[in-house]
Amino acid sequence: MELDPLLLSRLQFAFVVSFHAIFPVFTIGLASYIALLEGLYFKTGNAAWSHLSRFWTKVFAVAFGMGVVSGIVMSFQFGTNWSNFSQMSANFLGPILSYEVVTAFFLEAAFLGVLLFGRDKVPRGTHLFAAIMVALGTFISSFWILVANSWMHTPAGVEFQDGMLHVTSWAEAIFNPSFPYRFTHMAVASFLTGSFVVAGISAWYLFKGHMVEANKKALSMCLWMILFLAPAQAVIGDFHGLNTLEYQPTKVAAMEGNWERQAGAPLLLFALPDQQAQENRFEVGVPKLASFILTHDFEGVIPGINEVVPEEQPPVAIVFWSFRIMVALGFAMIGVGLWALVLRLRGKLFTPGIFHRFLPLMIAAPFIAVVAGWVTTESGRAPWLVYGMVNFSEGLTPSLTGGMALASLIGYMAVYAVVYTSGAYYLWQIVKGGMIDAEPGEDEPGAHPKRPLSAGGPIGNAAPAAPVGKDWL
């Protein structure tokens, strides 16, 4: 059987970017949280904020390092597998990716050292400034990356000349039509991801009776963020969908499983898209709801997938189901925020119970939602590298063979299995070890923070946490 270098290259890039995406979306939100903790510690002098910052800075450092590794590999593939595309788009993507390195990566790398190792060696104000710079660097980095990716979806400010894309307007190319929506959507996703990770770990620590006062503060802060940001993300997603409907109608049609242009299109809750037959099987939907969501009119017209030739259609089943996974998890996050609000109003937010057991399980939800969102948006763009201008086959490296693509894919998978298993194990050791930087008496009477978190509950010889809510408040 002949190996297809195009298919294998697409699988390789999808594999690498899926691993990479989960780390920036976490570190962007976590860096801002650490900067906030440092600011609170600088203002109040409360040791609880320092304990939280010390602990989460360790987690950030490991996640940041893993994100850098995967990001380098992702950029490397542009030259090895997509050299034609790299040459065609060099006039725009070359400077954009260079700006990301110069303005963001150097900023993060320079001040991360101060944040990690300068806590007791530089003034508090300097340490706070380093935390702010690291957080700012993560946002600048995401700005340039989203500029590049959004431009590939909604190209603007360029023209083709002699097989090369030449920039005619940097302002139009950078601030292309989909960029504001995609950048905002990703920024809020980052804050939600950081909030769910911190909330889940804090709930677990509280259930174990570890550093109760500090983790009560962390849990409360993050649940307020989730309460407001999860619904806000749904609204932002609606605006993003309207923008996509305007500029990438076929992608929206695939997301909705709508094969023919129609007014009053139903919102399909379940269907099995059959791309060969150009129809769905076993449809279950709500009449006219898709039209209302996308056009805010029950009789609004939704484009059909079959308005483009099959060769220009995205893989409908993948887009259809990845979109539903993302949306379902979004509603689950909204549910967590409302559940927490009810417990807060009843005075039982810190009472050990089902909620505190369930919240750590939700740590995975934002990561899965982010990957599902990337699958939706990137698969929905197929078969275009630059939408409507450069397709996948035109951007592939001419000399690349199927064997070469398969060998590199297997190599990446093997290396990633080792690197990321090791990284995940080390992160778990940090979490399992607890907040060991505090001194006895700084946070809780009787705490022995130098001892690791016991599987049985409290730290060392600390008194067990009381199981009733009134003693947790």
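The values are calculated or read from the model by the stated rules, or taken from the named source; none is laboratory data. No experiment lies behind these values; they were computed from the predicted model shown. Glycine also receives a Cβ, built like all others from the backbone with ideal geometry; neighbour counts cover every protein chain displayed.
Quick rundown of the values:
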read-out	value
Members of the range 163-193 found to be touching a residue at least 60 places away in the same chain (Cβ under 8 Å) and over 22 Å from Phe239 (Cβ atoms), listed by number	Gly163, Met164, Leu165, His166, Val167
All positions within the range 268-289 that are under 24 Å from Val371 (Cβ atoms) and buried (at least 17 other Cβ atoms within 10 Å of the Cβ)	Leu268, Ala271, Pro273
Index of the failed condition, Lys217 passing every other in (1) under 30 Å from Trp384 (Cβ atoms); (2) touching a residue at least 60 places away in the same chain (Cβ under 8 Å)	(1)
Qualifying residue in the range 420-435 (condition: touching a residue at least 24 places away in the same chain (Cβ under 8 Å) and farther than 23 Å from Ser190 by Cβ)	yes
Test for Ile325: is it buried (at least 16 other Cβ atoms within 10 Å of the Cβ), out of contact with any strand residue (DSSP E or B) (no Cβ under 8 Å at 6 or more places or on another chain), free of Cβ contacts under 8 Å to residues at least 60 places away in the same chain and not hydroxyl-bearing (Ser, Thr, Tyr)	yes
Pairs with Cβ under 9 Å, 6+ apart, first in the range 131-144 and within 19 Å of Ser50 (Cβ to Cβ) and free of Cβ contacts under 8 Å to residues at least 40 places away in the same chain, second crowded, with 21+ Cβ neighbours inside 10 Å and of a type in the set (Val, Ile, Thr)	none
Residue, surrounded by the most Cβ atoms within 10 Å (Cβ to Cβ), within the range 115-153, restricted to residues that are outside any helix (DSSP H, G or I) and not hydrophobic (A, V, I, L, M, F, W, C)	Arg119
So Glu378, is it touching a Leu at 6+ places or on another chain (Cβ under 8 Å), surrounded by 15 or more Cβ atoms within 10 Å (Cβ to Cβ) and closer than 28 Å to Met255 by Cβ	no
Every residue from the range 260-286 that is in a loop (DSSP other than H, G, I, E, B) and either hydroxyl-bearing (Ser, Thr, Tyr) or within 30 Å of the chain's Cα centre (by Cα) (or both)	Pro266, Gln275
Any hit, the range 32-53, residues being part of a helix (DSSP H, G or I), closer than 23 Å to Trp170 by Cβ and polar (S, T, N, Q)	no
When residues of the range 1-34 are limited to those that are β-branched (Val, Ile, Thr) and more than 22 Å from Ser50 (Cβ to Cβ), the one nearest to the chain's Cα centre (by Cα)	Val25
Cβ pairs under 7 Å, 6+ apart, first in the range 84-97 and under 13 Å from Asp162 (Cβ atoms), second surrounded by fewer than 18 Cβ atoms within 10 Å (Cβ to Cβ) and not hydrophobic (A, V, I, L, M, F, W, C)	Met88/Gly163; Asn91/His166
Unique match (being within 23 Å of the chain's Cα centre (by Cα), buried (at least 16 other Cβ atoms within 10 Å of the Cβ) and within 30 Å of Val390 (Cβ to Cβ)) among Gln248, Gln313	Gln248
Within the range 112-160, tally of residues that are farther than 30 Å from Thr244 by Cα and under 24 Å from the mean Cα position of the chain (by Cα)	8
Residue within the range 38-52 that is at pLDDT 95 or above, buried (at least 23 other Cβ atoms within 10 Å of the Cβ) and under 20 Å from the mean Cα position of the chain (by Cα) present	no
Out of Leu206, Leu223, sole residue that is farther than 17 Å from Ala156 by Cβ and modelled with pLDDT of 95 or more	Leu223
Selection status of Ile236, farther than 20 Å from Thr376 by Cα and under 24 Å from the mean Cα position of the chain (by Cα)	no
Condition met for Ala369 (surrounded by 20 or more Cβ atoms within 10 Å (Cβ to Cβ), out of contact with any Pro (no Cβ under 8 Å at 6 or more places or on another chain), touching a residue at least 40 places away in the same chain (Cβ under 8 Å) and assigned to a helix (DSSP H, G or I))	yes
Residue that is in a helix (DSSP H, G or I) and closer than 20 Å to Ser190 by Cα, where the choices are Phe111, Phe78, Phe19	Phe19
Residue under evaluation Leu7, criteria (1) touching a helix residue (DSSP H, G or I) at 6+ places or on another chain (Cβ under 8 Å); (2) assigned to a helix (DSSP H, G or I); (3) hydrophobic (A, V, I, L, M, F, W, C), criterion not met	(1)
Qualifying residue in the range 233-253 (condition: under 26 Å from Asn46 (Cα atoms), of a type in the set (Ser, Thr, Tyr) and either part of a helix (DSSP H, G or I) or without any contact (Cβ under 8 Å) to a residue 60 or more places away in the chain (or both))	no
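For every residue, the table says whether it meets (1) part of a helix (DSSP H, G or I); (2) among the basic types (Lys, Arg); (3) touching a strand residue (DSSP E or B) at 6+ places or on another chain (Cβ under 9 Å).
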{"site": "Gly335", "(1), (2), (3)": "yes, no, no"}
{"site": "Lys348", "(1), (2), (3)": "no, yes, no"}
{"site": "Gly373", "(1), (2), (3)": "yes, no, no"}
{"site": "Gly388", "(1), (2), (3)": "no, no, no"}
{"site": "Glu394", "(1), (2), (3)": "yes, no, yes"}
{"site": "Pro398", "(1), (2), (3)": "no, no, no"}
